[in-house]
Amino acid sequence: MRFRLIPRDEEFYPMFNQAAENIAACARLLRELLDGFSGVEKSVEKQVKLIGECERQGDEITRQILRRLNSSFVTPFDREDIHALTEELDDVVDEMQAAADLLVLHNVEKPLPDVKELADILVEAAETNVQLIHKLPKLRGLDSELETIDRLESAADKAYRRTVAHLFSGEYKAFAVLKWKDVVEAIEASVNNIENISDIVERIALKHA
């Protein structure tokens with residue numbers, strides 16, 4: 001058994017958990033917002049404001065982690081991995097806010113039913129990510145979450161391609177196509193960022209195996 005004269009700073013883990021939970025909350029809000037563009041009455045302004053609050057909360061968590069990284073002597077794992085993980089956690093929320101903002105800025109009106117599948121995948125990936133991040137302290141039993149996120153990212157790619165194909169099917173006017181394509185790309189990017197998070201966690205686990 002190895003003993004440390006200076007204990008590792010374990011306070012990173014609660015902050016990573018907060019960041020992951022913030023992502024999941026933001027994903028659910030974005031899905032609700034998209035429902036508002038699919039015939040379900042919602043307050044668009046309220047939903048966009050709540051998503052903006054998630055983005056600000058994510059920024060604050062990111063600042064806290066980076067400040068602690070700069071002041072900690074012994075970190076729980078490599079500093080570059082902490083930094084990379086922190087940036088990816090922040091990027092997910094940024095992409096979701098971009099999707100929400102684009103819906104409003106583009107003044108989207110006509111529903112796009114296909115986007116619901118992509119939003120559902122995003123929520124499931126975000127919730128799986130919460131479970132994965134909660135396992136960071138022990139770095140064991142990650143296979144289920146890693147495999148689920150990989151499967152969901154592949155499903156998101158397929159849903160994205162189907163959605164874009166529908167957009168260009170001739171059913172939508174040119175401006176509507178351009179507007180929704182921006183939104184759909186931001187949602188797909190969010191799922192991709194979650195897969196990036198899982199890749200970083202897997203890399204950390206391999207280093208500590």
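For the chain, what does the relative contact order come out to in percent, with C-alpha contacts under 8 Å and a separation of six or more?
Averaging sequence separation for qualifying contacts and normalising by length gives 29 percent for the chain.
What is the magnitude of the charge dipole of the range 12-207 about its Cα centre, with +1 placed on the Cβ of each Lys and Arg, -1 on the Cβ of each Asp and Glu, and no other charges, expressed in debye to the nearest 20?
It works out to roughly 220 debye.
Where the only charges are on Cβ atoms (+1 Lys, Arg; -1 Asp, Glu), what is the dipole of the range 94-162 about its Cα centre, to the nearest 20 debye?
140 debye
Quick one: which of 138/207; 110/179; 49/173 span more than 20 angstrom between C-alpha atoms?
As for pairs spanning more than 20 Å Cα to Cα, those are 49/173.
With θ set to phi - 60°, apply the Karplus curve 6.51 cos²θ - 1.76 cosθ + 1.60 along the range 103-118 and write out the HN-Hα couplings as whole Hz, x wherever there is a Gly or Pro.
4, 7, 4, 7, 6, 5, 10, 6, x, 10, x, 4, 5, 4, 4, 5
Rounded, prolate or oblate: pick one for the range 61-158, where a ≥ b ≥ c are the square roots of the eigenvalues of its C-alpha gyration tensor, a/c under 1.5 means rounded, and failing that, prolate if a/b is larger than b/c, else oblate.
oblate
Kirkwood-based Rg over Rh for the chain (C-alpha set), two decimals?
Radius of gyration over Kirkwood radius for the chain works out to 1.04.
What distance in nm separates the simple spin-label points at residue 67 and residue 135, each placed 7 Å from Cα in the Cβ direction?
3.2 nm
What ranking of 160, 13 emerges when the number of other C-beta atoms within 10 Å of each C-beta is taken as an exposure proxy, fewest first?
13, 160
Can you sort 136, 103 by how many other beta carbons sit within 10 Å, fewest first?
By the 10 Å Cβ count, ascending, the order reads 136, 103.
Using every pair of alpha-carbon atoms in the range 101-209, split the distances into 10 Å bins beginning at 0 and state the percent of pairs per bin, rounded to integers.
Calculated over all Cα pairs of the range 101-209, the distribution is 14, 40, 25, 15, 6, 0 percent.
Can you give the convex hull volume of the alpha carbon atoms of the range 130-183 per residue, in Å³?
76 Å³
Values in this text are rule-based calculations from the coordinates and carry no lab data. The shown structure was predicted, so the numbers you read here are calculated from the model rather than taken from an experiment. All Cβ positions, even for glycine, are placed from backbone atoms using ideal geometry, and neighbour counts span all protein chains on display.
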